[in-house]
Structure formats: C-alpha cells, structure tokens
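A short worksheet on the structure shown next.
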Amino acid sequence: MPPPGVGLATDMTTVGLIGSGNIGGTVARLAVAAGHDVVLSNSRGPETLKELVDELGPRARAATPAEAAAAGDLVVVTIPLRNYRAVPAEPLAGKIVIDTNNYYPERDERFPELDDESTTTSELLQRHLPQSRVVKGFNNIYFKHLLALARPAGAADRTALPIAGDDAAAKATVTAFLDSLGYDAIDVGALAEGWRFQRDTTAYAALYSADPANDWERPAPVDAERLRAALAAARRYADS
C-alpha cells in the first residue's frame, strides 16, 4: 500500500462509495491508507463486499448505496454510466460527488446527447443530482496505475490527475482529497470541459502507461506540465 499524502484541509473523514469495483476499490484502498474511513456499496448488496471490507480493516464497512451516500462527507460515484439514474439523489443533496464515469457505447448502450457531444457524462450526473456539487475525477487512469502511482506531497515523481466541476469550493475539497491520497490535481475548468480527459483523448489512460502498446501493466508518472500539455492537445471525437 502506498504511503498517505499530507491530509485534508477540511473536516472530512468519511468517504462514501457508490460502486466498489476496480476504481471504487482502489480509491477505498488509497483513502484508508491516508487515514479516511470508507463506506462501500454496490448493486449486489453489502454482504458481497465482505472480502474487501476485511482486507481494508476497521476503517471500512459495507452498506447500501443510499446508506453510503448518507454516510459520506464526500461521495464517489463509480458505476457503469448506463446506471447513473439509479444513484440516490436525496441523501446526496448538498454533498460533493466525484464522478468517475466514462461512456462506452458497447457497454452502456447509446446516449444521443453524448454521441453528438452536446453534453458530457458528468453533466448528465449533475442533472440527475441538482442539489449536489459534482466534480469529475478518477476517470482517466487505469485502476492499477492509480494504486501504484500515489506518492507523498513533495515527491519528485508525483503524478497529477485532472478534475472538472462547476463549483470552485467543491473542486478545492476534491483537490485536498487527491492530495491526501498522493496526487496533485489539475483543474480543467467547468464540467463541460470534462471532455478533455474522457475516453480515447490524449489525456486518457494510456498517458499513465510506460508502454501502452506492449506493457499496459507498467505505470509511468505524469507531472502537471505533461498533463496540461495532454489536456491542451485533446480533440473532440467529431474533430478526431
């Protein structure tokens, strides 16, 4: 387990996870290592998360999605995009929600508004959660790389991850959370700018791989300068 970061500059101590698969489980591992409590959930029921909870130890417990939403000071939604309407809105009112969604038509079926690029995945979730403050994050990195590349603040090989959101205070909290997990954050702008690090852009997962063509498992640190360059080079699907 990588070392924790410097800690949050807020009173947040509990992270709720709606979805506990590859990305959700990895965020939970990093959060526990950083001293946070986590409440895990999935669509199959708390009993199916026993192995992960046992691995994470006393800072972790399993719950239903609604319970995880209610318990979290910060909540990570990390489920297939096709299921975003099942995210419980009421217990998330007033909360900061990190959205890790990506659009894979072969998995999620077709979303015309995503196909014509009139909106983005995180804007869809924000529309579903009008009383929450959605920040896009954790969507552009392979889960094994996310675990492996965490570094303490000040490390020469610290990696940067992009975020996007419409609320400056929410993004500041997410930046502090990422810092505690071992990452710098690059603010890309509003949720509408989240397309810059969506699937298959220059700032997507291959950026963090040392050799994506031949050795996908080997991670490579990406500093803020390199990430900003990749974000600037991103092109919309229609222009690619």
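Mind listing whichever residues of segment 21-44 are open to solvent by 20 Å² or more (accessible area, probe 1.4 Å) and assigned to a loop (DSSP other than H, G, I, E, B)? GLY21, ALA34, GLY35, SER43, ARG44 - these are the residues of segment 21-44 that are open to solvent by 20 Å² or more (accessible area, probe 1.4 Å) and assigned to a loop (DSSP other than H, G, I, E, B). Here ALA70 passes the criteria (1) part of a strand (DSSP E or B); (2) closer than 19 Å to PRO130 by Cβ except the one numbered (1). Of all residues in segment 209-240, those satisfying the criterion of being of a type in the set (D, E, K, R), closer than 20 Å to ALA155 by Cβ and not in a helix (DSSP H, G or I) are ARG218, ASP223. Taking the criterion of being free of Cβ contacts under 8 Å to residues at least 12 places away in the same chain and surrounded by 11 or more Cβ atoms within 10 Å (Cβ to Cβ), the residues of segment 209-231 that qualify are ALA210, ASP211, PRO212, ARG218, ALA229.
The values are calculated or read from the model by the stated rules, or taken from the named source; none is laboratory data. Everything numeric here is computed off the predicted structure, so don't read it as measured data. Cβ: placed from backbone, ideal geometry, glycine included. Neighbour counts: every protein chain shown. Heads up: the accessible areas ignore ligands, DNA and RNA and are worked out on the full protein's heavy atoms, side chains in. Shrake-Rupley method; radii C 1.70, N 1.55, O 1.52, S 1.80 Å.
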